1. Which of the residues that make up region 97-124 are outside any loop (DSSP other than H, G, I, E, B) and of a type in the set (Val, Ile, Thr)?
2. Considering only residues that are part of a helix (DSSP H, G or I) and acidic (Asp, Glu), look in region 138-193 and name the one that is farthest from the chain's Cα centre (by Cα).
3. Going through Ser57, Ser39 one at a time, which residue ends up being touching a Ser or Thr at 6+ places or on another chain (Cβ under 7 Å), crowded, with 20+ Cβ neighbours inside 10 Å and hydroxyl-bearing (Ser, Thr, Tyr)?
4. Evaluate region 83-94: report whether one residue or more is part of a helix (DSSP H, G or I), closer than 24 Å to Asp118 by Cα and small (Gly, Ala, Ser).
5. Pick out the one residue from Ala311, Ala317 that is hydrophobic (A, V, I, L, M, F, W, C), within 19 Å of Ile78 (Cα to Cα) and either outside the structural domain of Ser71 (by TED's automatic domain parsing) or surrounded by 10 or more Cβ atoms within 10 Å (Cβ to Cβ) (or both).
6. Take the conditions under 19 Å from Asp144 (Cβ atoms), of a type in the set (Phe, Trp, Tyr), surrounded by 15 or more Cβ atoms within 10 Å (Cβ to Cβ) and out of contact with any His (no Cβ under 6 Å at 6 or more places or on another chain) and apply them to Phe184. Does it pass?
7. Taking Asp233 and the conditions (1) crowded, with 17+ Cβ neighbours inside 10 Å; (2) outside the structural domain of Thr83 (by TED's automatic domain parsing), which numbered condition does it fall short on, given that it satisfies the others?
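The values are calculated or read from the model by the stated rules, or taken from the named source; none is laboratory data. Remember, predicted model here, so these are calculated numbers, not experimental data. Here the Cβ is made from the backbone with ideal geometry for all residues, glycine too, and neighbour counts use every protein chain on show.
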Amino acid sequence: MTKIHCFTSASFSYLDRVRVLGETLRRHNPDWEFTFCLSDIEPKGFVFNLEEEPIDSVVRIEELGIPLLDSWMFEHDIVELCTAVKGKMLCRLLEQGAEKVVYIDPDIAVFSDLSDIDRALDTHDVILTPHQLYPDSTEEAIRDNEIGSLKFGIYNLGFVAVSGRAEGYRFAKWWRDRLLSFCFDDVPNGLFTDQKWCDHVPAFFENVMILRDPGYNVASWNLSQRPIAIDSDGIIRAANSILKFFHFTKVTWAGEVMLERYCGNRVEVFELMYWYRAQLARNAPKGVPDRWWAFGRYENGNPIPKHHRLAYRQDRALQRQFPNPFSSGSHSFEQFMEQRKIS
């Protein structure tokens with residue numbers, strides 16, 4: 001049997017989620033190899049011991065071979081950066097000989113075996129899951145869901161599966177190159193990190209499977225068509241299909257608003273939410289400050305404002321002048337921005 005290589009991408013602030021994903025993946029798919037692509041550095045006093053984690057291996061961002069890494073990282077906020085490395089990590093695994101690679105977002109929990117994905121990759125080179133599988137019927141749902149997909153992307157790139165054959169690798173290289181240059185949250189200009197790019201995939205590539213099983217990639221934004229039910233024997237279903245994995249995006253705020261709006265007065269989805277929150281609490285890493293991200297601050301500890309990143313991203317001359325924009329002090333990019341504000 002061909003080994004499935006699965007990876008996720010996150011910072012240490014999402015380590016609790018990575019642990020839940022790793023635990024649930026290992027429980028239901030014990031033969032899969034799970035890699036954590038890490039875009040962060042440990043906070044002082046925190047020790048990340050892989051032997052104690054439900055993770056098989058770690059690849060740090062500096063191992064990906066991204067040119068001008070400091071300059072490139074500075075252009076991205078935390079979500080953009082952890083997304084932008086996905087294509088590069090995918091290519092790394094394929095180049096190392098992986099025949100089947102699956103990416104899963106860190107805020108996903110697995111509830112069943114994913115052997116269907118394994119079998120589908122025997123004949124398909126790229127597998128995507130749409131946000132919506134059926135048209136909505138109310139204006140509110142159309143605005144939230146269908147128009148939302150038009151804004152943010154038709155496919156949910158919290159999951160993608162790719163074969164190691166030529167067409168799969170061709171997709172991986174294309175996606176890698178687009179994310180290295182254009183992985184930004186800039187909806188007015190047609191970008192939403194990695195998702196909008198993959199609207200092109202069914203037209204650009206052959207052997208693409210659009211996975212229409214409602215049990216895959218269930219989330220708050222598609223519950224209007226995928227009601228959750230729990231059988232008497234404990235099997236969880238979404239729209240009468242066995243739940244494969246649930247995407248717990250924004251479990252503490254906007255996600256719960258959408259759950260309440262589209263749960264159809266069913267309490268089962270809130271049972272999943274309470275379970276997930278308990279798992280996060282159990283897996284909370286000790287010694288990682290709240291909202292920690294090593295690349296969110298200048299070297300003197302000052303937080304990097306969003307407009308600093310945007311100014312740097314949009315000006316190639318500034319990138320050449322300040323190849324290490326994270327530095328502080330005399331002749332630094334930080335000082336340059338503060339002086340420009342004063343003038």
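1. Answer for region 97-124, where residues must be outside any loop (DSSP other than H, G, I, E, B) and of a type in the set (Val, Ile, Thr): Val101, Val102, Ile104, Ile108, Val110, Ile117.
2. Glu139
3. Going through Ser57, Ser39 in turn, the sole match is Ser39.
4. Checked against the condition, which is being part of a helix (DSSP H, G or I), closer than 24 Å to Asp118 by Cα and small (Gly, Ala, Ser), region 83-94 yields at least one hit.
5. Testing whether each residue is hydrophobic (A, V, I, L, M, F, W, C), within 19 Å of Ile78 (Cα to Cα) and either outside the structural domain of Ser71 (by TED's automatic domain parsing) or surrounded by 10 or more Cβ atoms within 10 Å (Cβ to Cβ) (or both) leaves just Ala311.
6. No; evaluated as a whole, the condition is false for this residue.
7. Only one criterion in (1) crowded, with 17+ Cβ neighbours inside 10 Å; (2) outside the structural domain of Thr83 (by TED's automatic domain parsing) is unmet by Asp233, namely (1).
Yes/no per residue for (1) outside the structural domain of Glu62 (by TED's automatic domain parsing); (2) farther than 23 Å from Asp113 by Cα; (3) outside any loop (DSSP other than H, G, I, E, B); (4) modelled with pLDDT of 90 or more:
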{"residue": "Val201", "(1), (2), (3), (4)": "no, yes, yes, yes"}
{"residue": "Met209", "(1), (2), (3), (4)": "no, no, yes, yes"}
{"residue": "Ser224", "(1), (2), (3), (4)": "yes, yes, no, no"}
{"residue": "Val269", "(1), (2), (3), (4)": "yes, no, yes, no"}
{"residue": "Gln279", "(1), (2), (3), (4)": "yes, no, yes, yes"}
{"residue": "Ala284", "(1), (2), (3), (4)": "yes, yes, no, yes"}
{"residue": "Val288", "(1), (2), (3), (4)": "yes, yes, no, yes"}
